[in-house]
Every structure is written in C-alpha cells, then in structure tokens.
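Below: one structure, written as structure tokens.
Quick note: the coordinates plus some simple rules give every number you see, no bench work behind them. As the structure is a computational prediction, the values presented were derived from the model and not from experiment. So basically every Cβ, Gly included, is an ideal-geometry build from the backbone, and we count neighbours across all protein chains shown.
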Amino acid sequence: MSAESIGQGAGRLLRPRSVAIVGVSPEPDSIGGAVLANLERFNYGGAIHLVSRSRDAIGGRPCLPAIDELPEGVDAAVLALPQAGIVDAVASCIKRKTGAAVIFAAGFAEIGDAGRVAQDKLARAAKAGGLALQGPNCIGFVNYADGVPLTYEPVTPAQPDGPAVAIAAQSGAMASSLRAAFQAKGLAVAQAISTGNEAGLCVEDFLEFLIGESKARAIALFVEQIRQPKRFLELAARARQAAKPVVLLHPGRSARAKDSARSHTGALAGDYAVMETLLRRQAVALVETVEELIDVTEILARFPQAPVKGAAIVTNSGAFKGFALDFCESIGLDLPAPSAATVAALKKALPPFASIDNPLDVTGQLIKEPAILPRSVEPLLADSSFGSLVVAVVPGGPQQAAAKVQALLPAVAGSVKPVAVATTHDEGALPAEFIPAIRGAGLPFFRSPERALRAMARVTAYGRARAAAEISATAIKLPAAKLPGKGALAEYQSKDFLVALGFRTPRGALVRDVVQAKNLAARLGYPVALKAQSGALSHKSDAGGVILGLVDATSLVQGWEKLNAAVHKAHPRIVLDGVLVEAMAEPGIEMAVGARRDKEWGPVLMVALGGVWIEALKDIRLMPVDLDAKDIEREILSLKGAALLKGMRGKPAGDVPALVEAMLRLGALMQANPAIVEIDINPLTVYAKGKGVLVLDALIVSA
C-alpha cells in the first residue's frame, strides 16, 4: 500500500459515505451502541450497516450476521470487538473491499513483544489488502466539519462559534482532553483524531489530511513517535506554506519518558534534539507542556498573523511590572521600548506620576477611571515596535472587574496583532460576564499572566521561525567530493579532505618511522606534536596517542617511543597508518564544531566551546545545515561561553566571521555528500578577528 493510497485511505476513513459497525449491540453503554448513538445524534447522512451475531435489528435498523454479508466497498468499518476477534475481522473486511477500519481494542504493541508480533501481523495483512487502519488502541475520531463521529465517547455536534482547530494525538485520552479544552475556550474543533498504535494510518497521514481541512486554522499534535520523519518535515513545510500553524507536543526528552512512550503506544522515541532543530526550521511550534499546546494553538487559531516582534504588556500592578521583566527574560520574550510617538500618546493618556515603559503600569487610577485602559492599549497596538499585547489585569471587586473589561474590549476587539487577557488572582471570583465577554470578543483568556506570557513567547518564536524559513539561505555551495574510504577516517585523512574544501590545518604530514619524524620536525621547526593515526583509533588521547609540545629531536624520539608503547598497550592488535607530525599551533579560543546525519531526520550542524568544555558545560547549539550566515552567528553568540568570542579581560575578540564561514562550509559539505555520517572538529581554534580559524583535530565518519 503506497503512501499515496494510505493518504487516500485517511480521507475515505474521515469522510466516509458508508459506515459499518461490527459488534454492535443495543446497550447505550456498549462500544458499538455508543458509536451508533453518536452517528444518529450527528444525523449522519451516509449508509449505516450493522453487524451483530445475536441481533436481527437494533433500533429499527437491520443487522447482518457477519462481515462477509456486508456489501462490497463500505468506506469505513468500526470494529467494536475484543482483541481476539480483530485479526479475523480485518481479514473479512479486506475480502469485502472495505476502505478503512477503526480498531478500538488494546492488547497489541503497547503490552510488549507478544503484542507487537500480533500488531505487525495485522499491519502486514492490512497493507497487503489495501485496508487503511486507524489504531489499534485508539478511541477513533470526531469529524465535526463533516458530521462523522466514529468514536465510542458520547459527543454532540454542538460547538462554539468562531475559529476552529484540528487535533491529532496518539493518545486517545489526550485527543479527548484537548477537544474538551478547546471547546471550553470558545473554539470549534474541525477534527479530533486518536491515532493509537498506528499499525496502519500514522500521524503523518492524518496531518496531510488536516493541512487540507479548510475549516481548521491551526493544528494541535500530541505525538509520542514520529514514524516518518522526512515525510513529516515535508508536510510541515507544506503547512507553513499554506499558513496553517502546526503546534507539536512531543514527549521523549528523558529516558523515563522514552520508556513510557514504549509502554503506552509501542513508540520508540527518536533523537529529540535533532528533531527539534529541523522542525523549528520548518516553523513547527514546539511546546513542552499540555498547557502550552492548548494556549499556543488557541492564539494562533484566533490570530493567523503570528508576530515577529516582541510583546507589549499593560497592567495595573507595579509589582507585576517588576516580576514580568524577570519572567519574560527567562522565557525569551523580548519587551521592546515604545516609540517616541507612543510615549507622547501615553503621557497624555496617563496620570503625570505614571512611568511610561514596557511593561506599562496604568496605575491605581484605573479604579476611578477605567477609560485609562483603552487610552493606553490603543497606542501600543498601533506601535510597530510591538508584535503582540498582553493585558494583565488585577480585577478588584466585581464591579471594578466588570468596568475594566467593558472599557478594554472595544479597544482590542478586531486587533490583527495577537492580544491575550489575563488576571492575576488565579481562581478568584469574577463577574459572570467577565470571561464570556473576553472570549466573545475573540480573545484568549488566562487565569495567570505567566501562562499568557509563556504562550506569547512560543507564538512569537513561531512567527520568527516562519519568517526565517521564507528567506533563502545564502550558504556556501560545495561540489560532491570523493571520500578516501568508508567508516571512521584517520585524522590525517579527515584533514586532507577538509583542506581540499577550503579549511586550514597546522603544517605537518604523516610519517612512518622516527627518522622521517625527525626530518619533518626539523623542516617544520620545533615545538611539534605527534599523533597516532588509524581509522580504528577515534579517541587517540585516551589511548596515549597524542604527545604535545616536543621541543627538540631528543624529546621527539622519547615521545615517539612513549606514543607507540601506550597505543599498543591500549590496543594490542591495532596497526597504525603512521604518525602525524605537526607544528604546534598558536593558542586561541578553542571551539568544537561538527555535523551529524541522523538516519531518520537528516543532517544538522553543531557548535560548542571546544576541548573539555563541551562535556563540562554541555552547552551545544544544533542548527540546520542550510542556515545563512546571520542565523549561524546568532546561534554561536547564544552559547554560554560566547563572551570569550566577544573579547573579555583584555583579550581580543575572536574571528566570528571566520567561524561562521567554517560552519557554512560544513553545512554545504553535508548537503553535497550524503555519504558523510559525522564530522567532528575539536578543537577548532578561533584566532583574533581577521586571523581566521584552524582545524587542530578532525574526524569524519562515512557510510
């Protein structure tokens, strides 16, 4: 079954012209009975076929005794059966040329090896027979847009007015919870899909369908495993081009989370850091909590034009103003200063004792004069310095709260820029009309300003990622180059390869014996370094295979003997290609740069402080291989140790442009040479500005 036919199967499943319920019974609390009740509640207009061994009819609808009695070509079959009956039911559906099947039953890959064997058998049969499977271990779906509820959860077609979102989650409980959360916030839900163990249709198939769902403004995904990473990236790019935000919560950072994913949906978590890097490049809004998944999706659904500039904050609490400055810095939400024109407008709007700043405290005068609020927010919304607005209100008593919201809403309703309203007293009582009025104006409401600000930070990051993805990278282009061999290359081979592509290394050469080493050292000039060379010796230093700072011929001979003895003691069977003799390099700022090609996601670049600092600080920046110079420099200067590159304590600034060019070359190298699995340059010495960079050690691994 091709990816194209699977995708068509998703459409046939979600928009079926005919449905069969297998294992139906009249009891309303039964699985099959609940599905039938949902279809009737939604006034489903397609044909409904019932299959029951024990009933001739249910609710006036005739029942067939077996799947084999169904007409050919039913679009979707709901298998309301225990695990033991699923394999035979799927085989019968295939015989009747059924398009798709929903499997609620658990007891497959999520329970371990035995269940995985059963699930794999099921998947093979369905694929061979052209049957698109949803599940097993799922709760089905609700297609509100087309009036199709193939789930056993009791659902009704009634929904709030306003923009709609779409949901796909591998967890049925999460799909249900997200659906309820969005509806409670006044958003409609176009689709709510539980993908379960994904023996057939996977999240990529549903995502492809949802991108084309015209009624959904944003897509919320809860995914424990992305099974087709490259396809997912392609779909993310398509969603970005269609201006349809994809918000993703993907648990799996920690080892325990990965174990949980395996036991829950049979998922095997991938490399989160690589995934995160490449998905951000396609402007997927990655979030870390369920709250963020809900909040970010809501803002993006209500405000399709995501901001690229920082936020303005309005409050009537001086204490909150100070807190917000610290909090926004910690979450990466910048708070630009208002323009001169805005400052002038605010001085007219506020009492003379008010401080004009961002965050803006409209002072306690708001209690007596609610009109201060609209007079304050209007110039902020008009100011191009700001991309969004968060209004953090201390509500006060019921009458004060009502007056504040009534004054605010006319000034912000209809804003193109995202606006969020939050209160500072958590679950404190509010007038009955307070929250409905805010949501009725099309604005998201939050019980805590922190939650609003965190969501706006994610929305802003999404807007910037989307804008950056539209800019063509100006990376260096390199031709494909022939590698000297497969597997791990020795340092001298790796360096020769890099030199041919424009990198600079210390003067030196490979020698076979100590006489050659002495002659070469004399030509290079002391001090020199000796390095044992073999593709099988990736960690030379650990084996005693690196001797530095040899100052004359006598120390060189001693170093030669010490090096060979240590290496052969550590690795008795190793045969060295020789020893690399190099002139000692001048000291500089040691960086570690490199690239790796994830077998599922593709290539990424890496930069960190070099030497031992990469392990001590664990401060690493990953980035896509096609970034331009400006974005690479931004990533480099976001490192904790970036102060070293900027110059400190009398030290000159490092040659950051040369470091950026080295990263550009690595990116071009990975794009031009698919056989390269990994490049590790550590250290790469960065000299003073204008003096360039030098590759001191390098390892290339090829497939």
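Shown for the range 305-469 is the translational diffusion coefficient from the Stokes-Einstein equation, using the Kirkwood radius over Cα pairs, a temperature of 20 °C and a viscosity of 1.002 mPa s: 136 µm²/s. Judged by the gyration tensor of its Cα atoms, with axes a ≥ b ≥ c, the range 176-222 is oblate; a/c meets the 1.5 cut and b/c is at least as large as a/b.
For the range 474-508, the residues whose backbone nitrogen is under 15 Å from a point 7 Å from the Cα of LYS691, taken along Cα to Cβ, are 506.
Largest first and in whole Å, the equivalent-ellipsoid semi-axes of the range 589-702 read 23, 14, 13, each the square root of five times a Cα gyration tensor eigenvalue.
Expected output is a single nm value to one decimal: the length gained when fully extending between ILE620 and ASP29, i.e. 0.36 nm times separation in residues minus the C-alpha distance. What is it?
207.4 nm
Return the whole-Å distance between the Cα centroid of the range 588-602 and the Cα centroid of the range 189-231. Comparing the Cα centres of the range 588-602 and the range 189-231, I get a distance of 31 Å. As a length-normalised measure over Cα pairs under 8 Å and 6 or more apart, the relative contact order of the range 138-215 settles at 36 percent. Note on ARG238 and HIS425: with the Förster distance fixed at 56 Å, the Cβ-Cβ geometry gives a FRET efficiency of about 0.85.
Below 8 Å between Cα atoms, with a sequence gap of 6+, how large is the relative contact order for the range 308-372 in percent? Averaging sequence separation for qualifying contacts and normalising by length gives 45 percent for the range 308-372. The mean sequence separation of alpha-carbon pairs under 8 Å and at least six residues apart, normalised by the residue count of the chain, gives a relative contact order of 9 percent.
Which semi-axis lengths, in whole Å and largest first, follow from the square roots of five times the eigenvalues of the Cα gyration tensor of the range 507-583? Please list the in-between numbers first.
Details: eigenvalues 80, 27, 21 Å².
Whole-Å semi-axes of the equivalent ellipsoid: 20, 12, 10.
Under 19 Å of direct C-alpha separation, and excluding same-chain neighbours fewer than eight residues apart, LYS495 reaches these lysines: LYS482, LYS486, LYS531, LYS540. Once the Cα-Cα distance is subtracted from the 0.36 nm per residue extended length, the ILE331 to ALA413 segment shows a gain of 26.8 nm. This model, with +1 at the C-beta of Lys and Arg and -1 at the C-beta of Asp and Glu, gives the range 470-627 a dipole about its Cα centre of some 420 debye.
With r as the distance between the Cβ atoms of ASP161 and ASP88 and R0 = 45 Å, compute the FRET efficiency 1/(1 + (r/R0)^6) and round to 0.05. In this case the efficiency is close to 0.50.
Our helix-only sum for the chain, with -39,500 (n - 2.57) per DSSP H run of n ≥ 4 divided by its residues, gives a mean residue ellipticity at 222 nm of -12000 deg cm²/dmol. The separation of the range 150-180 from the range 434-510, counted between C-alpha centres, amounts to 33 Å. The calculated FRET efficiency for ILE476 paired with VAL343, based on their beta-carbon distance and R0 = 35 Å, is about 0.20.
Exposed loop sites, defined as GluC sites (Glu not before Pro) outside DSSP H, G, I, E and B with at most 11 other Cβ atoms within 10 Å, are absent from the longest region of the chain, namely 73-426.
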